[in-house]
């Protein structure tokens, strides 16, 4: 169980660390991708606006004077130079008049531009005389495009035009693919994800190696030794030479084991120093210890009794069901002295004893068992019998020596 906790601690530390690093790096990637996307779209929009302004500069005069050939040449030049860019010039009804792609002529702009905001802006441009342009993004047919709309106005103060007022002649629509931009964004995102995963993996491996050497492995060793100690092995120690908290914990564990071992040896020396028969029981009255004197008294070996027999099975006393000292300790929580009893040893011989018992408690003052000391009083009983016999015999002798009362 302790070993599992040690391993779980290491896995928990690594998981938290890896997750924290992953969150930080993912947040950083998100910020970079977002900023990169915004920057690229902004650059693309600027480029689209500049292209629209350049195209408008080339066609506004031919449009104002009705020079169709000049407009066509201008659009043809754009098609040759700017692959993938489409330019449309439409009238107020959004019908295409000129285009870099001849198949678009006489078509309606809404046939190949689906962005509602762009179409609404195109409608607004035809009603406005403001020389301004607007850009929109749209996705159509699984592809992404940038739509730029620019009004085409006549030239003010132009000798070809009547009057000085400016009027809307039509609208120019530029449609360019932004797939390359998004491919660059996707490629950058994928590279960032790969770098992030590699970085997380490297950090986890390095961290695991460091934690395994400094924390995880020492805790596992400490847990293994603690399990052995819990199973009864008192000759265990942890060899962790470290000045950190784990090293301090190991030193404390070694000191604790030494102190407990000393206490056990001291307690055993006290028990062995007692010449009278002595035994100890737990809460279930199972014998947990008996000294050599008690083993000789009962005729059983210690290995046959400890942890295997109850005190009733061991002694078969005539007071087990009446005035048992151990039961008295459990019921009253107090010691009892001078209780006479007769026991039956392994050979079936009855032995008179005098016994005393005291309760055993742990550090929390909980009752965990009892200790009982016995004394073979066969000699005393025999002496009492002899004294009684002698006393009885003396009384009879005195009766015989009394002279008979004579009568005169």
- Message: Among the residues of segment 58-77, are any more than 16 Å from residue 148 (Cβ to Cβ) and not in a helix (DSSP H, G or I)?
- Response: yes
- Task: For segment 186-200, state whether one or more residues are at pLDDT 75 or above and in the same structural domain as residue 55 (by TED's automatic domain parsing).
- Result: no
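Hey, can you tell me all the residues within segment 341-363 that are assigned to a loop (DSSP other than H, G, I, E, B) and in contact (Cβ under 8 Å) with a residue 12 or more places away in the chain? Break it down stepwise before answering.
So the first thing to find is which residues in segment 341-363 are assigned to a loop (DSSP other than H, G, I, E, B), and the list is 345-349, 362-363.
Across segment 341-363, the qualifying residues are 345, 346, 347.
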- In this structure, is residue 180 modelled with pLDDT under 80, farther than 30 Å from residue 16 by Cβ and surrounded by fewer than 17 Cβ atoms within 10 Å (Cβ to Cβ)? yes
- Query: Which number in (1) modelled with pLDDT under 90; (2) surrounded by 12 or more Cβ atoms within 10 Å (Cβ to Cβ) marks the one condition that residue 372 misses?
  - Reply: (1)
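Matching residues to (1) surrounded by 13 or more Cβ atoms within 10 Å (Cβ to Cβ); (2) at pLDDT 85 or above:
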{"residue": "221", "(1), (2)": "yes, no"}
{"residue": "243", "(1), (2)": "no, no"}
{"residue": "260", "(1), (2)": "no, no"}
{"residue": "265", "(1), (2)": "no, no"}
{"residue": "269", "(1), (2)": "no, no"}
{"residue": "282", "(1), (2)": "yes, yes"}
{"residue": "297", "(1), (2)": "yes, yes"}
- Message: I'm trying to understand the selection: among the residues of segment 60-83, which are buried (at least 17 other Cβ atoms within 10 Å of the Cβ) and at pLDDT below 80?
- Response: 60, 63, 64
- Task: Test each condition in (1) outside any loop (DSSP other than H, G, I, E, B); (2) at pLDDT 65 or above for residue 128 and report the one that comes out false.
- Result: (1)
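The values are calculated or read from the model by the stated rules, or taken from the named source; none is laboratory data. Source: prediction; values computed, not measured. In this analysis, Cβ positions are derived from the backbone assuming ideal geometry, glycine residues included, and neighbour counts consider all displayed protein chains.
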